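The values are calculated or read from the model by the stated rules, or taken from the named source; none is laboratory data. For clarity, every value in this text was computed on a predicted model and none was experimentally measured. As a convention, Cβ positions derive from the backbone with ideal geometry for all residues, glycine included, and neighbour counts pool all protein chains shown. Ligands, DNA and RNA are excluded from the accessible area calculation, which covers all protein heavy atoms including side chains. Shrake-Rupley method; radii C 1.70, N 1.55, O 1.52, S 1.80 Å.
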Amino acid sequence: MTEALATRSLDVDLMVRELGNWRTSSRSGPAYIGLSDAIRLLIIDGRLPVGARLPSERALADALRVSRTTVTAAYTQLRDDGYLNARRGARSTTALPVAPVAPVRLTSTAANLAAATLAGPAAALARSFADAAEQVTPYLHDIGIELTGVPALRSAIAERYCARGLPTDPDEIMVTTGALHAIGLILATYTQPDDRVLVEQPTYHGALAAMANRGVRPVPVALAPDGWEIDAVEAAIRQLTPNLAYLIPDNHNPTGMTMPVADRKRLAQIISENRTRTIVDETITDMWLDEEVPPPFASVVTARRDLVMTVGSMSKSFWGGLRIGWIRADRSTLATIGALRPAIDMGTPIVEQIAAASLLAAEDEVLPERRDILRSRRALLLRLLDQHLPDWEPVPGKGGLSLWVRLPAPMSSALSAAASRMGLEIPPGPRFGLDGTLERFIRVPFTLPDDRLVEAIELLARAWRSVTGLTAPEPTTVVV
């Protein structure tokens, strides 16, 4: 159980909202079975964080308008099944049953659904590196260390923010060696081991790994099927006073959802009122597919703008091989991070920075084509899932590079292991959350070329049948 969550109490009204129409599952049996099943699935899906205190039996009974006996029996069933920990003299806390994990023997990988990123635009990249080779000469007369980034790239990044509605000066930009490096620098500057960091659940697994390496304790707030529960975010911030928050409001990884403007404004107010320093991850901002994302989150912050640090990257928009990211923040914030940086690294390579500036100048040529590729491959993936795995339910995100898919049963880890044995790498749902939840979900990228995507989904369907014992649906033709 995560220690940070041991003191967290679940608000009864929010829990009732999460339970929804739970009575539909109890029509053919006792009401307490339907209630226990509904709570169990919320725990498995990560909608109720592991280690949090449930409302009292009386409070939940009153809120649901059922007898206290029904709630008592439901809690007892959950304890018997391993989903609640009973504590003498205190309310029960949510848990997951402890089960041994069988070792998985990996085979050579025939297809890969682990990485949600596109291959680079070869022609544009070649031109940008040719430009960089011509422009690097002045830097050869110096030591080649730029702890904040070369001026041309910082100016290009600042201009992008200005164009999107967030006035930015070049000295409000620090170039980093990728977005994950930027997140690591911020964590190293503003957190200590055992500090709490508020995160969405699900969220980017790389950020969770960076937090684990730092020794901080993520505090998850579950995303609803249709987006962010700002009430739950506010409750978690007020109860737990995290030292830092990490959010992905644009084309969220892994769900593909984008936070509405009204929610951004309210969340910005909550951050300011509670003085919660916040990382806003915009690494997938350019990959909108159905409609453009709103202006940058930082643009709606009207008070305590120093609290918000925006992280960006070239990896998803252009090419991961560049390893170019950045932090957009208040000057004093960047000065604090910059003072620590020499103890971690000595700056980002110069040639790649010059090439990145050249690529940003050509974004109007490159990005529309990459969005068109993603739209086409997303449509293909949806057709393939409908053909091979018709009972899977993709979350209706409007952007990003992958689908977040709800499975008919909580078997994501078993599916991932079976797929790996067949030569297909795909991370299980719990990789994107905490405490082993999200077993009913899996992330499926649509970044592979068409023929490889077809092969990957065929393997994924075979793996699903192997763990569920289902037979294959009747074959149909999918045009690629």
If we ask which residues in region 168-179 are closer than 14 Å to Glu282 by Cβ and either open to solvent by 10 Å² or more (accessible area, probe 1.4 Å) or over 20 Å from the mean Cα position of the chain (by Cα) (or both), their number turns out to be 4
From (1) at pLDDT below 95; (2) β-branched (Val, Ile, Thr); (3) over 26 Å from Leu42 (Cα atoms), pick out the condition that doesn't hold for Val467.
(3)
Please identify the pairs in which a residue from region 411-440 that is more than 23 Å from Ala207 (Cβ to Cβ) has its Cβ atom under 7 Å from the Cβ atom of a residue that is aromatic (Phe, Trp, Tyr) and open to solvent by less than 20 Å² (accessible area, probe 1.4 Å), counting only partners at least 6 apart or on another chain.
Leu415/Trp464
When residues of region 273-312 are filtered for being open to solvent by 10 Å² or more (accessible area, probe 1.4 Å) and in a strand (DSSP E or B), how many remain?
2
So which of Leu438, Leu382, Leu415 ends up being touching a Pro at 6+ places or on another chain (Cβ under 8 Å) and surrounded by fewer than 17 Cβ atoms within 10 Å (Cβ to Cβ)?
Leu382
Search result, residues across region 136-167 that are assigned to a helix (DSSP H, G or I), open to solvent by 70 Å² or more (accessible area, probe 1.4 Å) and either charged (D, E, K, R) or more than 14 Å from Val351 (Cβ to Cβ) (or both):
His141, Pro151, Glu159, Ala163
Filtering region 268-297 down to residues that are in contact with a strand residue (DSSP E or B) (Cβ under 6 Å, 6 or more places away or on another chain), within 30 Å of Leu359 (Cβ to Cβ) and touching a residue at least 60 places away in the same chain (Cβ under 8 Å) yields Ile279, Asp281, Thr283, Met287, Trp288, Leu289
Pick out the one residue from Ile350, Ile344 that is open to solvent by 60 Å² or more (accessible area, probe 1.4 Å) and touching a residue at least 12 places away in the same chain (Cβ under 8 Å).
Ile344
On the given criteria, is Ala268 open to solvent by 10 Å² or more (accessible area, probe 1.4 Å), in a helix (DSSP H, G or I) and within 30 Å of Leu367 (Cα to Cα)?
no
